[in-house]
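Participant: Sharing a structure here in structure tokens format.
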Amino acid sequence: MTLDELIHDCWVRLARAVRDRRHSWRLPVLATVDGQGAPAARTVVLREVMREDAVLGCHTDRRSPKIEEIRADPRVAWTFYDPGSKLQVRARGRATVHLVADDDPIALARWADTSLPSRRCYLAPHVPGTACDVPSPNLPAALESRNPDAAESEAGRANFAVLRTRVERFDVLALHAAGHERAAFEFDEAGQVVRSTWLEP
């Protein structure tokens with residue numbers, strides 16, 4: 001496989017992961033830098049892939065700590081791994097925050113496309129990460145066993161946020177019994193590959 005074929009394959013897999021709930025790249029790890037300068041990593045749902053701009057996106061609650069972490073330091077890293085093909089992609093870039101509460105057109109469009117089961121997540125009455133005495137689903141009592149209807153879901157609108165990362169670098173590792181292969185791709189601000197090279201794994 002050539003470098004051009006490899007980067008094409010990565011973008012195809014990423015786009016597929018947005019549509020396919022069972023795809024292993026559907027649930028990547030997103031890492032930010034917290035207020036103490038330490039790494040903070042969590043699993044997110046991949047919601048957007050824009051190959052032409054080299055952008056990856058996910059949704060989150062605007063009250064979650066990662067919002068302020070990104071505002072303070074926009075550098076983030078994503079990790080995708082597929083155990084079937086043994087292919088790993090690490091993406092590094094800078095993230096931006098888009099809030100429905102700010103009438104941001106990106107967030108408004110994504111909210112309009114968000115399903116009712118997914119909107120349920122944004123109805124949490126307490127700030128994510130708040131200490132509690134017993135395990136809690138952090139949902140209104142009336143919605144603990146069902147999804148909201150469209151009218152009920154609108155209460156979560158103000159908590160909805162979109163995180164978009166403009167990718168600056170991909171580090172791709174393919175694991176093979178006969179020998180691993182590794183490559184790096186660097187992107188410009190327009191999302192175009194400006195440098196690609198094979199790396200020693």
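Participant: Scanning region 102-112 for residues that are open to solvent by 60 Å² or more (accessible area, probe 1.4 Å) and not acidic (Asp, Glu), which turns out nearest to Asn147 (Cα to Cα)?
Facilitator: Our first condition is that a residue be open to solvent by 60 Å² or more (accessible area, probe 1.4 Å); within region 102-112, this holds for 102-103, 105, 112.
From the residues that got through so far, the ones that are not acidic (Asp, Glu) too are 105, 112.
Details: Pro105: 26, Ala112: 16 Å.
Only one residue fits best here, namely Ala112.
Participant: If you go through region 62-77 one residue at a time, do you hit one that is open to solvent by less than 20 Å² (accessible area, probe 1.4 Å), assigned to a strand (DSSP E or B) and touching a residue at least 12 places away in the same chain (Cβ under 8 Å)?
Facilitator: Looking only at region 62-77, we keep the residues that are open to solvent by less than 20 Å² (accessible area, probe 1.4 Å), and these are 64, 67, 70, 76.
Keeping just the survivors that are assigned to a strand (DSSP E or B) gives 76.
From what's left, touching a residue at least 12 places away in the same chain (Cβ under 8 Å): 76.
Yes, that holds for at least one residue.
Participant: Considering only region 182-195, state which residues are part of a strand (DSSP E or B), in contact (Cβ under 8 Å) with a residue 60 or more places away in the chain and surrounded by fewer than 17 Cβ atoms within 10 Å (Cβ to Cβ).
Facilitator: Our first condition is that a residue be part of a strand (DSSP E or B); within region 182-195, this holds for 182-187, 193-195.
Imposing the further condition that a residue be in contact (Cβ under 8 Å) with a residue 60 or more places away in the chain reduces the set to 183, 185, 187, 193.
Val193 - this is the single residue of region 182-195 that is part of a strand (DSSP E or B), in contact (Cβ under 8 Å) with a residue 60 or more places away in the chain and surrounded by fewer than 17 Cβ atoms within 10 Å (Cβ to Cβ).
Participant: Which residue out of Arg21, Arg16 is free of Cβ contacts under 8 Å to residues at least 12 places away in the same chain, in a loop (DSSP other than H, G, I, E, B) and open to solvent by 30 Å² or more (accessible area, probe 1.4 Å)?
Facilitator: On the way: Arg16 fails: in a loop (DSSP other than H, G, I, E, B).
From the options Arg21, Arg16, the qualifying one is Arg21.
Participant: Now for a different question. Using beta carbons and a limit of 9 Å, which pairs, at least six apart or on different chains, have the first residue in region 88-111 and closer than 21 Å to Gly191 by Cα and touching a residue at least 12 places away in the same chain (Cβ under 8 Å) and the second one of a type in the set (S, T, N, Q) and crowded, with 20+ Cβ neighbours inside 10 Å?
Facilitator: Hits for this filter: Ala91/Thr165; Arg92/Thr165; Gly93/Thr165; Arg94/Thr165; Ala95/Thr32; Ala95/Thr165; Thr96/Thr165; Val97/Thr60.
Participant: Looking at region 113-132, can you tell me whether even one residue there is in contact with a helix residue (DSSP H, G or I) (Cβ under 8 Å, 6 or more places away or on another chain), outside any strand (DSSP E or B), among the charged types (D, E, K, R) and surrounded by fewer than 19 Cβ atoms within 10 Å (Cβ to Cβ)?
Facilitator: Scanning region 113-132, I find no residue that is in contact with a helix residue (DSSP H, G or I) (Cβ under 8 Å, 6 or more places away or on another chain), outside any strand (DSSP E or B), among the charged types (D, E, K, R) and surrounded by fewer than 19 Cβ atoms within 10 Å (Cβ to Cβ), so the answer is no.
Participant: Let me ask you something else. Check whether at least one residue in region 155-166 is surrounded by 15 or more Cβ atoms within 10 Å (Cβ to Cβ), of a type in the set (Lys, Arg) and closer than 19 Å to Lys66 by Cβ, and report yes or no.
Facilitator: Checked against the condition, which is being surrounded by 15 or more Cβ atoms within 10 Å (Cβ to Cβ), of a type in the set (Lys, Arg) and closer than 19 Å to Lys66 by Cβ, region 155-166 yields at least one hit.
The values are calculated or read from the model by the stated rules, or taken from the named source; none is laboratory data. Since the model is a prediction, treat every value here as computed from it, not as a measurement. All Cβ positions, even for glycine, are placed from backbone atoms using ideal geometry, and neighbour counts span all protein chains on display. Accessible surface is based on the protein model in full, side chains and every heavy atom, while ligands, DNA and RNA are left aside. Shrake-Rupley method; radii C 1.70, N 1.55, O 1.52, S 1.80 Å.
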